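Encoded as structure tokens, the structure appears first; notes follow it.
The values are calculated or read from the model by the stated rules, or taken from the named source; none is laboratory data. As the structure is a prediction and not an experimental result, all values here were calculated from the model. Cβ placement follows ideal geometry from the backbone for every residue including glycine, while neighbour counts extend to all protein chains displayed. These accessible areas exclude ligands, DNA and RNA; they are computed on the full protein's heavy atoms, side chains included. Shrake-Rupley method; radii C 1.70, N 1.55, O 1.52, S 1.80 Å.
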Amino acid sequence: MGRTRTFIAVEIGDGIRNNAIGLQELLAKTGADVKWVTPESLHITLLFLGEVDDREWHTVCRAVREIAAGEPPFPLRVSGVGAFPTIRHPKIAWAGIVDGADELRRLHAKLEAKMLDLGCYRKEEREYTPHLTLGRVKGEADGFKLAPELTKRLGWEGGRTVVDEVLVFSSELEKDGPIYTVLGRGKLTGKPG
């Protein structure tokens, strides 16, 4: 049996996607060498599982469905920009999550606990920060080119959507970038508060 790079995420909707593409295009004008996330690959990651044994997919997908079923749909608003490790020294440029951040953190915590129980996840050292990755900066000089433009966009508005499902994706690394395939879906059908 094989192993597949796997992650759990939520979609962002076409409105946010189009606004994020526009932001990427503006930031690209800096001339910084950045590997921009392709439009079809824009999403908000909840958990990156890494290499999962192909025999475990069904277990992972079932667990995601069960957790999602207990959570209600929620509004998501993408706004502002930032970078890891810092906006002055960007290695990863991202758009922020305003509305929906608490719900994403709760989903992350529940999914993380379940995946740890299943033995198909290794806890990360850093705290989970909901964000929409825009691109990965190639080098330090490129970060210096990009940083001032990121700072100008702190008030950027990405738009709103409603999150009503959690998805399990496979990720195949190709020369032109990763190709994501949906392995499973979990509808958010829980009752609010």
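Quick notes on this structure:
- Matching residues, the range 83-110, being closer than 26 Å to Ile21 by Cα, at pLDDT 95 or above, open to solvent by 90 Å² or more (accessible area, probe 1.4 Å) and not in a strand (DSSP E or B): Asp102, Arg105
- Looking across the range 117-156, just one residue is exposed (fewer than 13 other Cβ atoms within 10 Å of the Cβ), closer than 20 Å to Leu26 by Cβ and either in contact with a helix residue (DSSP H, G or I) (Cβ under 7 Å, 6 or more places away or on another chain) or charged (D, E, K, R) (or both), and that is Lys152.
- Cβ pairs under 7 Å, 6+ apart, first in the range 98-114 and in contact (Cβ under 8 Å) with a residue 24 or more places away in the chain and under 22 Å from Gly82 (Cα atoms), second open to solvent by 20 Å² or more (accessible area, probe 1.4 Å) and hydrophobic (A, V, I, L, M, F, W, C): Leu104/Ile97
- For first residues located in the range 152-163 and of a type outside the set (Phe, Trp, Tyr), partners that are open to solvent by 40 Å² or more (accessible area, probe 1.4 Å) and outside any strand (DSSP E or B) and lie 6+ apart or on another chain with Cβ distances below 7 Å form the pairs Gly158/Asn19; Gly159/Gly15; Gly159/Asn19; Thr161/Gly15; Val162/Pro73; Val163/Pro73.
- Selection status of Arg55, more than 16 Å from Tyr180 (Cα to Cα), surrounded by fewer than 19 Cβ atoms within 10 Å (Cβ to Cβ) and either in contact with a His (Cβ under 9 Å, 6 or more places away or on another chain) or at pLDDT below 95 (or both): yes
- On the stretch given as the range 111-128, residues that are farther than 19 Å from Glu11 by Cβ, within 18 Å of the chain's Cα centre (by Cα) and either of a type in the set (Phe, Trp, Tyr) or part of a helix (DSSP H, G or I) (or both) total 3.
- Any pair with Cβ under 9 angstrom, 6 or more apart, that starts in the range 177-190 at a residue that is under 10 Å from Cys61 (Cβ atoms) and of a type in the set (Lys, Arg) and ends at one that is in a strand (DSSP E or B) and open to solvent by less than 50 Å² (accessible area, probe 1.4 Å): Arg185/Glu165; Arg185/Val166; Arg185/Leu167; Arg185/Val168
- The range 129-145: number of residues that are touching a residue at least 60 places away in the same chain (Cβ under 8 Å) and not in a helix (DSSP H, G or I): 10
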